[in-house]
Amino acid sequence: MSKEEFPSEKDLPQEDQEKQAKAAEADKAGVKDDKRVKDDKRVKDDKEEAAKPADVELDQLKAEVVALTQKNKDLEDKYLRSQAEIQNAQRRYSKERANLVKYESQRLGKDILSSVDNLERALQVKADDEASRQLKKGIEMTLEGLVRALKDNGIEEIKADGEKFDPTLHQAVQSVPAENDDQKGHVVQVLQKGYVYKDRVLRPAMVVVAQ
């Protein structure tokens with residue numbers, strides 16, 4: 001068909017011209033919409049790509065916060081334990097020091113007790129002449145001085161003769177039949193005196209108990 005056979009826009013009816021114009025505008029609008037959709041998708045993709053590093057960094061920061069929180073908790077726990085150990089050590093030291101002060105004469109008292117026993121045995125020997133009586137008097141004075149010194153330092157004799165047997169204070173080395181019911185379980189003879197130092201037993205009394 002020749003060029004003359006195709007009608008130009010000028011030769012088309014008004015209605016057809018309007019249809020063509022609308023179709024052209026629709027095509028242009030479609031192109032714009034496609035471009036806008038592509039642009040929006042590209043912007044969205046860019047935002048997502050930009051958000052990924054931020055999310056990773058946020059996760060890392062959260063993990064660091066959790067790790068630091070746990071580390072701080074562990075350090076606080078170690079600190080509290082150390083403080084408790086220090087306080088316990090201080091209490092033990094104070095108690096030991098107080099005991100040293102309180103019982104400072106304990107060893108000396110034990111050493112002196114054997115001398116007291118020897119002096120008491122010496123006094124049981126009968127003095128037949130004046131020289132012996134004077135010697136015995138000197139021993140009595142020495143013994144009295146030792147006993148007084150012991151008492152002044154908190155060391156006292158344990159009551160035993162006639163007392164009810166107490167295993168914390170008395171050591172039964174022998175038992176004998178009781179003469180009556182009242183005598184049962186009581187000390188009837190003291191073989192060696194016992195002593196206490198404040199609230200401690202330096203040496204239990206060695207006794208005979210009626211059964």
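The values are calculated or read from the model by the stated rules, or taken from the named source; none is laboratory data. Here the structure is a predicted model, which means the values were calculated and not measured. Glycine gets a Cβ as well: all are built from the backbone with ideal geometry, and neighbour counts include every protein chain shown.
Can you tell me how many residues within the stretch 181-203 are modelled with pLDDT of 90 or more and more than 45 Å from the chain's Cα centre (by Cα)?
10
Please count how many residues of the stretch 73-124 are of a type in the set (A, V, I, L, M, F, W, C) and over 30 Å from residue 151 (Cβ atoms).
Going through the stretch 73-124 one residue at a time, the tally reaches 5.
To keep it simple, each residue is scored yes or no on (1) at pLDDT below 85; (2) over 42 Å from the mean Cα position of the chain (by Cα); (3) assigned to a loop (DSSP other than H, G, I, E, B); (4) surrounded by 10 or more Cβ atoms within 10 Å (Cβ to Cβ).
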| position | (1), (2), (3), (4) |
| --- | --- |
| 101 | yes, no, no, no |
| 104 | yes, no, yes, yes |
| 107 | yes, no, no, yes |
| 112 | no, no, no, yes |
| 127 | yes, yes, yes, yes |
| 132 | no, yes, no, yes |
| 137 | no, yes, no, yes |
| 143 | no, yes, no, yes |
| 147 | no, yes, no, yes |
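Go over the candidates 49, 57 one by one and state the one that is exposed (fewer than 10 other Cβ atoms within 10 Å of the Cβ), part of a helix (DSSP H, G or I), among the acidic types (Asp, Glu) and at pLDDT below 85.
When all the criteria are applied, what remains is 49.
Among the residues that make up the stretch 162-173, is at least one of them basic (Lys, Arg), touching a helix residue (DSSP H, G or I) at 6+ places or on another chain (Cβ under 8 Å) and farther than 23 Å from residue 109 by Cβ?
Looking through the stretch 162-173, none of the residues is basic (Lys, Arg), touching a helix residue (DSSP H, G or I) at 6+ places or on another chain (Cβ under 8 Å) and farther than 23 Å from residue 109 by Cβ.
Please specify each residue of the stretch 150-180 satisfying the condition of being among the aliphatic types (A, V, I, L, M) and either part of a loop (DSSP other than H, G, I, E, B) or more than 43 Å from the chain's Cα centre (by Cα) (or both).
158, 160, 169, 173, 176, 178
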